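Read the structure below first, then the notes.
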Amino acid sequence: MHRKKYPFIVGFLVLPVGLYLLLVIWPYIQTISYSFTDWSGASQNFGFVGFDNYKDLADDDVFLKALRHNALLLVLVPTLTILLSLFFAFMVNVGGRGGAGGVSGVKGSGFYRIVFFFPQVLSVAILAILFKAVYRGDDSGLINGSLQAVGLGDKNNPTEWLNDPDLVLWCIVFVMIWAGAGFYMVLFSAAMQSIPKDIYEAALLDGAGRVQTFFRVTLPLLWETIQTAWVFLAILSMDAFLLISTLTSQDFGGGPDHSSEVISTYLMRNFQTYSKSGYACAMGVVMLLLTLIVSIVTLRLSRRERIEY
């Protein structure tokens with residue numbers, strides 16, 4: 001039996017491992033190799049250029065601007081999304097006060113769970129159509145129309161939310177947070193429901209308020225879930241291609257004067273429009289390395305001892 005065990009295990013692993021190597025690892029290897037060439041993407045002929053593509057990235061103002069935008073998303077989107085999600089999850093699970101010293105969510109918490117999660121069921125294309133109507137730069141847009149209705153908007157010069165270089169990136173940040181907060185609220189709610197109610201009731205009996213209960217009880221016990229959520233949101237912030245490319249009207253996104261450009265949109269424009277596929281592959285490698293570094297640093301810095309309950 002001992003001798004037959006290993007061939008049995010190998011037989012089950014060969015196919016999935018082979019598919020993983022073929023469909024995941026091999027494209028990575030190809031991308032890294034193409035990043036050292038001048039490949040145009042439309043021809044099988046290309047020459048080796050060494051590290052020239054990476055040197056050009058360091059002098060590319062548009063790429064550096066996209067990198068700064070990714071850094072801004074990396075700070076704002078995970079932080080604000082997690083804070084909002086934690087607040088909503090706390091309120092719908094333990095934000096209310098039950099009878100006889102018990103603990104429960106606020107009134108109507110079941111309805112709030114559905115409402116907050118609703119954006120998660122919408123595809124990126126639907127989100128783009130929805131918020132194009134919200135941000136439309138005339139009086140038919142939801143924001144401009146609402147501002148004009150209360151006398152705050154300029155009817156002769158309405159705000160071009162997605163065409164204003166100072167506003168477009170903040171509009172995208174809002175959409176990313178709005179779309180993601182509901183999912184992470186459900187994730188944190190599931191984690192909170194595994195915390196024994198006795199812990200919350202003991203804290204309430206000791207005179208702890210909602211704020212103290214959140215920081216002294218909820219936050220430490222949810223730390224591993226928060227850590228995982230941060231990594232996922234950081235990866236999302238390093239990409240954001242689908243939302244930006246569909247929400248902004250420019251070729252593959254980027255906004256006016258590259259004001260909403262991120263690495264992924266600039267990469268795709270170089271690959272598809274400029275026929276600089278080797279250069280685009282170099283961007284992809286940089287993006288991969290940055291994502292790995294951010295994930296590893298996040299996991300290292302946020303590591304704590306596991307709290308048992």
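The values are calculated or read from the model by the stated rules, or taken from the named source; none is laboratory data. What you see is a predicted model; the values in this text were computed from it and never measured. Every residue, glycine as well, gets a Cβ built from its backbone with ideal geometry; the counts of neighbours run over all protein chains shown. Remember, those area values only see protein heavy atoms, side chains included, never the ligands or the DNA or RNA. Shrake-Rupley method; radii C 1.70, N 1.55, O 1.52, S 1.80 Å.
Below, the figures for the structure above:
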{"quantity": "Long-range neighbours under 7 Å by Cβ, at least six apart or interchain, first residue under 15 Å from Arg303 (Cβ atoms) within the range 222-248, second among the basic types (Lys, Arg)", "calculated": "Trp223/Arg304"}
{"quantity": "Residues located in the range 129-159, provided they are open to solvent by 60 Å² or more (accessible area, probe 1.4 Å) and within 15 Å of Thr248 (Cβ to Cβ)", "calculated": "Ile129, Leu130, Lys132, Arg136"}
{"quantity": "Scan of the range 160-185 for residues that are open to solvent by 60 Å² or more (accessible area, probe 1.4 Å) and not acidic (Asp, Glu), ordered by number", "calculated": "Asn163, Pro165, Trp170, Phe174, Trp178, Phe183"}
{"quantity": "Asn157 vs. criteria of a type in the set (S, T, N, Q), at pLDDT below 85, within 17 Å of Pro256 (Cβ to Cβ) and in a loop (DSSP other than H, G, I, E, B)", "calculated": "yes"}
{"quantity": "Residue check, Ser33 in contact (Cβ under 8 Å) with a residue 24 or more places away in the chain and out of contact with any Leu (no Cβ under 6 Å at 6 or more places or on another chain)", "calculated": "no"}
{"quantity": "Helices (runs of 4 or more DSSP H) wholly inside the range 1-88 containing at least 1 residues that are in contact with a strand residue (DSSP E or B) (Cβ under 6 Å, 6 or more places away or on another chain) and open to solvent by less than 70 Å² (accessible area, probe 1.4 Å)", "calculated": "none"}
{"quantity": "Total residues in the range 131-154, condition in contact (Cβ under 8 Å) with a residue 24 or more places away in the chain, out of contact with any Gly (no Cβ under 9 Å at 6 or more places or on another chain) and assigned to a loop (DSSP other than H, G, I, E, B)", "calculated": "1"}
